[in-house]
1. Go through A:Trp38, B:Trp22 and list them by solvent-accessible area, largest first, probe radius 1.4 Å.
2. Hey, in chain A, which Cys have no second cysteine's beta-carbon closer than 4.7 Å?
3. Total accessible area buried between chains A and B, 1.4 Å probe, in Å² to the nearest 100?
4. Given the rule -39500 (n - 2.57) for each run of at least 4 DSSP H residues, summed and divided by the residues of chain A, what is its mean residue ellipticity at 222 nm, to the nearest 500 deg cm²/dmol?
5. Would you check the accessible area of B:Ser210, probe 1.4 Å, heavy atoms only, in square angstrom rounded to 10?
6. Which one, A:Ala162, B:Leu52, B:Leu145, is farthest towards the positive end of the dipole of the protein assembly as shown when Lys and Arg carry +1 and Asp and Glu -1 on their Cβ?
7. Quick one: how many Å² of B:His68 are accessible to a 1.4 Å probe, rounded to 10?
8. Ordering B:Glu170, A:Glu118, B:Glu229 by accessible area with a probe of 1.4 Å, largest first, what comes out?
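The values are calculated or read from the model by the stated rules, or taken from the named source; none is laboratory data. Computed from a predicted structure; not experimentally measured. Cβ placement follows ideal geometry from the backbone for every residue including glycine, while neighbour counts extend to all protein chains displayed. Surface accessibility is based on the protein's heavy atoms, side chains included, excluding ligands, DNA and RNA. Shrake-Rupley method; radii C 1.70, N 1.55, O 1.52, S 1.80 Å.
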Amino acid sequence: MEPLRIAVCALYPILAILAWCVARSRPAHRWLAAYVTWMMAVDWLRLGIRPIVEAALRPLAGVPLALLHVDDLLVLSWSFLFLACCLHYFAGRSPWAALGAGAATWAITLNSRIASGEVLSWIFQLASLGCLMASWACIVWGMLRARKIEPGLAHLVLILYASGDVVINLIPFAHGFQIGWPLMRLVSVLVLSGCVAAHAIWLRGRPSVALEA
Amino acid sequence: MWEVLIFTVFALLLGVLTWWMWQQRDLARRQAKTDAELTALGKGVRALAHDLHQTLELIIATTERARHITPGGIPEMLDGLEKAARSAASLVQTLGNGAPGEDSAVKCAKGIVYLGIILVRSSGVSVEVGEMGSFRYVGAEVDALRVLQNLLVNAVREAGRVDGGKVRVEVRDRTLRVTNPVRDPGLLDDRIYAQGVSHAGSAGMGLATSRQLAALVGWSIRHEVRGHEVCFVVEELPEAFPADRS
């Protein structure tokens, strides 16, 4: 496994552990901790799924085809669950709209006649861009208009993710998907390192915090 | 690769800066809100202390007059003292309870008007009671009492400075009128409702606070100057009471 991939796989569990440590004393942080845990699980799941799909004979059928669709769902979950978190933390809205949109997009990818090759690639890119723009809209709205929201660690982590996502989404346009993939992992490593540092600083700065009611 | 690295670090730092600026703005907004609440609390406490002081002065004046009172006047004096003491107790209780009650039920103010009149009668100034029609209020009884007490105490004080001065209280057409003579009517402009301005040597909080409290109990306060007399007019606000005012 390449070094950047190892770094990502190592940083995610650390971040998940730290996030759940924070969630013990800040129950509102648990949704972000759950998202980070899901991202970690997705990474490990895809490590097992991708080799099976890539090694299977074309055209795919049976278990390899089902695993491909599961892989598509896992990839789409990165963007739509992130949007759900932004809706929850910045706009105070229910995340069901984001989850519904994600389910609808995945349903489109199930149709192999429509969603294959370049079309499928465009679907993923559009979904990623759309979720990123909607997420930034939530972030900006939360910062400028929402009075009841108090900026916290979860908001910082989501802003770091969103900032890194801007770079990640620009890379395919600059370098193409295949060449840009290692660069995307580099960005992920930097973002995860920043999130780990943020959690560590928060935990260090507040050694004993009373549980919220 | 290096440009991606630099661009990513720049983007992350920009994100951190954005979050930090948002946090600072939020902290400043919360601090300003807390400061405003503390200032309002301080004003509320000073206003209540002012009204409490007025009530206690009435009690003192009544006890001083007790040395010269006839046996027949003792029951009325004791009744007035009791009511003044209850009024002071209500004011102290308001300090402990904080903000005035949010009770929106419409209540009859006649009893409070009579209580206010009894309290000031013990000061020795003649208080005439004219027609006592229907007059209502909403919200906390203590707020309505504070408004009336302030108007009546001011009226009695000014009337006491004029030889043979009398105070007249009447309620007609849902309007309470407190009329008293004044030595210098030229001082009675709208500045009397501004805090910190007083021509009578007091703290200058009474009428300003009374106007705010009046709004809470469904009243408006204004005054009319006629020659060497001033009449404070307290009217029911239409929006605070039902349309069927029978």
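1. Of A:Trp38, B:Trp22, the descending order of accessible area is A:Trp38, B:Trp22.
2. Singleton cysteines: A:Cys9, A:Cys21, A:Cys85, A:Cys131, A:Cys195.
3. 2000 Å²
4. -28500 deg cm²/dmol
5. In the full protein context, B:Ser210 sits at about 0 Å².
6. Toward the positive end, the furthest listed residue is A:Ala162.
7. The accessible area comes out at roughly 150 Å².
8. Result of the area sort, largest leading: A:Glu118, B:Glu229, B:Glu170.
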